[in-house]
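*Asks:* Input: one structure, supplied below.
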Amino acid sequence: MAIIKPVNEANIVVQDLKGFAKDSTIQVQMLRLDAIHPIISGNKWYKLKYNIEEAFRQEAKGILTFGGAYSNHLIATAAAAYYAGLAATGVVRGIYSLNQLNPVLQQCTDYGMQLHFVSREEYNLKEDANFQQSLLQLFPDYLLIPEGGANEAGRKGAGEITDFIPSDVSHVLVSVGSATTFIGLRNALPSGQELLGFAPMKGGVYLKAEVEQHLLPQKNIHWHLIDEYDFGGFGKITQELTDFMSEFKQQYGFDLDRVYTAKMMKGLQHKLKEGYFPQGSKILCIHSGGLTGN
Ligand SMILES: *Cc1c(COP(=O)(O)O)cnc(C)c1O
């Protein structure tokens, strides 16, 4: 059965970022995936679409997934499940009071998601089969989706983002969290296009092993993870980054999100200065959304 798309892909444009590279032979563009939906934005829809299809195929009662208290994946899942007519449970890292929820968790419950709070210690068991079984006993016949949509269905859907990437692009840039989007892109992009993943957390190159585990052998080429631009760590922000975000908005007319894409674009600015990109490069940056987090 075909699921009804809650997002509007007709809104996706490739936008020129004139002047972003001082070298006028280098073109910088942004793929505006953030424009598909205000909540199920950017890469999140692509990671969810085949998971939702799978839930229908299994005639699941609902979806159960995992996230932190500010998770873009959690809120996107809540909205996507709502539009699909499926129940949803969010297993949240940390114990919060239902009558004092932050705006992200509040919106999850507004979309009908049931929140299941667990301690940080328990949350660390999110990939443990016994822990998962105990959750599925509480929510029988739910489909379990790993944190960040990090499964085969998620990677497959993320690969479809390449449908919007012009073939003459030399470098594709994307932010990485779980690296699900990165892996899906690398496996679907022509091997000649270089894929750069910007990690917004400290020591993000630990994701290398995860990436290598899932890459098709013939696509294990022309990819790099860059973790020099964490600005203090995941979810942290500095004055330099806030200033950059407002200058960017002023110049190009749209927002970057503070957790992922702002750090990527600031990193790109630095890499351009360093001369990382050869003359004539055509750089496409993916705006992966996440603006609800701002
Ligand atoms: C979730 C998210 C990412 C990370 O995606 P992964 O597939 O987990 O690597 C990047 N950017 C934004 C804006 C996100 O919300």
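*Asks:* Using θ = phi - 60° and the Karplus curve 6.51 cos²θ - 1.76 cosθ + 1.60, what whole-Hz ³J(HN,Hα) does each residue of segment 205-213 get, with Gly and Pro shown as x?
*Replies:* Calculated HN-Hα couplings, in order: 5, 4, 6, 3, 5, 4, 4, 4, 5 Hz.
*Asks:* Also: Nearest 500 deg cm²/dmol is fine: what mean residue ellipticity at 222 nm does the chain get from its DSSP H runs of n ≥ 4 alone, each adding -39,500 (n - 2.57), divided by its residue count?
*Replies:* -10500 deg cm²/dmol
*Asks:* Starting from 0.36 nm per residue, how many nanometres of slack lie between VAL14 and LYS273 once their C-alpha separation is accounted for?
*Replies:* Here the segment from VAL14 to LYS273 would lengthen by 90.9 nm.
*Asks:* Need the list of lysines near LYS22 for cross-linking: C-alpha distance under 20 angstrom, and skip anything on the same chain fewer than eight residues off.
*Replies:* Within the straight-line limit of under 20 Å, LYS22 reaches these lysines: LYS249, LYS263, LYS266, LYS271, LYS273, LYS282.
*Asks:* Enumerate the amide H contacts of LEU195 below 5 Å, restricted to partners 5 or more residues apart or on another chain; note that Pro and chain-start residues carry no placed amide H.
*Replies:* VAL172, TRP223, HIS224
*Asks:* Compute a Gaussian network model of the chain, connecting alpha carbons closer than 10 Å, and tell me which residue from LEU196, LEU241, LEU185 fluctuates the most.
*Replies:* LEU241
*Asks:* Something else: Amide H neighbours of SER41 under 5 Å, at least 5 residues apart or on other chains, H built in the peptide plane: list them.
*Replies:* Residues meeting the criterion, in which the H sits 1.01 Å from N, are GLY290.
*Asks:* May I pose another question? Working out 0.36 nm times the residue gap between LYS208 and PHE164, then minus their Cα-Cα distance, what length gain in nm do you get to one decimal?
*Replies:* Contour length minus the Cα-Cα distance gives 13.3 nm.
*Asks:* Would you kindly derive the ³J(HN,Hα) couplings of segment 258-266 from the backbone phi angles with the Karplus curve 6.51 cos²θ - 1.76 cosθ + 1.60 (θ = phi - 60°), listing them in order in whole Hz, with x for Gly and Pro?
*Replies:* 6, 7, 10, 6, 5, 5, 4, 5, 5
*Asks:* Sticking with this one: On a C-alpha basis, how far is the centre of segment 76-126 from the centre of segment 205-283 in Å? Whole number, if you could?
*Replies:* Value for the Cα centre distance between the two parts: 28 Å.
*Asks:* Over the Cα atoms of the chain, what is the Rg over Rh ratio if Rh follows Kirkwood?
*Replies:* Value, to two decimals: 0.96.
*Asks:* If you don't mind, another one. Can you list the lysines whose alpha carbon is less than 18 Å from that of LYS208, not counting same-chain residues fewer than 8 positions off?
*Replies:* LYS219
*Asks:* Can you figure out the FRET efficiency of LEU136 with ASP23, using R₀ = 41 Å and their beta-carbon distance, to the nearest 0.05?
*Replies:* Efficiency computed from Cβ-Cβ geometry: 0.15.
*Asks:* Anyone know which of LYS219, LYS126, LYS249 comes out most mobile in the 10 Å Cα GNM of the chain?
*Replies:* LYS249
*Asks:* A further question follows. Tell me which residues come under 5 Å, amide H to amide H, from LEU125 once H is placed; ignore anything under 5 positions away on its chain.
*Replies:* none
*Asks:* Gaussian network model of the chain, Cα springs within a sub-10 Å range: biggest mean-square fluctuation belongs to which of ALA158, ALA129, ALA79?
*Replies:* In the Gaussian network model the winner is ALA129.
Every number in this text was worked out from the coordinates using simple rules, so none of it is lab data. The model shown is predicted, which means the values in this text are computed figures rather than measured ones. All Cβ positions, glycine included, derive from the backbone under ideal geometry; neighbour counts span all protein chains shown.
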